[in-house]
Amino acid sequence: MKMIESDILELSDKEFGKGFITRNDIEQSLKILYYEGGQLAGFCLSKILTPLELYEYLGITPDDAAEYIRAADKVGLIDTIIVAKEWQRQGIGRKLAEKSLRSMMNGANVFCSVGWKHSTTGAIPIDKMLQSMGFTRYKEIPDFWYKDSLSGRFVCAACDAAECRCSAIIYCMKY
């Protein structure tokens, strides 16, 4: 398990910024891994939460999620998908997301995910994939990671700065 944690932390630090994912995040999540040539090419962290737990976990309000999310008993959250740069655009992120959804379907029938909108380019790398899977963009939350970045928790790889100004896009889907 320690080797898997180390692989996840190393890939996360490289692609999303040092310290973005913690050991605690890994321990509390369902982990879907994709290896290529003996190396971790990508991973997905997800969890099943009540709507109240979802709001608290993401630091959002009920208005930041679709009505069917607010009415659900349980919500499947695709929290993080990271694919190494050299393996991007080969369908690995989609495979990880689909496997994550299948693994959560016994516990939830509504799902959320969070997309990272880069502050400098406006790009949302996961947008097209999530929408093609049936997710809809629900809400944009500016400066979503700002407080975490100021606390020194991580340095954003997209902003390349200690003060992350990236926005979050909340996606919702009813299955």
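Here, each number is a calculation from the coordinates, and none is a lab measurement. Being a predicted model, the structure only gives us computed values, none of them experimental. Cβ atoms come from the backbone with ideal geometry, glycine included; neighbour counts cover every protein chain shown.
Quick notes on this one:
- In order along region 29-45, the Karplus-derived 3J(HN,Hα) couplings, from 6.51 cos²θ - 1.76 cosθ + 1.60 at θ = phi - 60°, round to 10, 6, 10, 10, 10, 10, 9, 9, x, x, 10, 5, 8, x, 8, 10, 10 Hz, and Gly and Pro are given as x.
- Local net charge near VAL110, Cβ-Cβ under 13 Å (Lys/Arg +1, Asp/Glu -1): +1
- Under-5 Å amide H pairs with ALA157, H placed in peptide plane, nonlocal only: GLY17
- Estimated [θ] at 222 nm from DSSP helical runs (n ≥ 4, -39500 (n - 2.57)) normalised by residues in the chain, nearest 500: -9000 deg cm²/dmol
- Point-to-point label distance, SER151-THR120, nm (Cα→Cβ direction, 7 Å offset): 2.5
- Proximal aspartates and glutamates relative to LYS85, as straight alpha-carbon distance under 18 Å, when same-chain residues fewer than 8 apart are discounted: ASP7, GLU10, ASP13, GLU15, GLU36, ASP127, ASP160
- Where labels lie 7 Å past Cα in the beta-carbon direction, separation of GLU5 and TYR57 in nm: 1.9
- This ranking places VAL75, VAL110 by how few other beta-carbon atoms lie within 10 Å of each, fewest first, which gives VAL110, VAL75.
- ASN24-ALA162 FRET efficiency (beta carbon distance; Förster radius 25 Å; 0.05 resolution): 0.75
- Size of electric dipole in the chain: Cβ of Lys, Arg +1 and of Asp, Glu -1, about Cα centre, debye, nearest 20: 420
- Cysteines having no other Cys beta carbon under 4.7 Å from their own, within the chain: CYS44, CYS112, CYS166, CYS172
- ASN106-LYS174 FRET efficiency (beta carbon distance; Förster radius 25 Å; 0.05 resolution): 0.95
- All-pairs alpha carbon distance profile, the chain, 5 Å steps from 0, percent: 1, 8, 18, 21, 23, 17, 9, 2, 0
- Separation of the alpha carbons by more than 26 angstrom is noted, of LYS147/LYS174; LYS14/LYS174; LYS74/LYS95; LYS14/LYS139, for LYS147/LYS174; LYS14/LYS174; LYS14/LYS139.
- Distances between placed amide hydrogens fall under 5 Å for CYS166 paired with SER119, TRP145, all partners being 5 or more residues away or on another chain.
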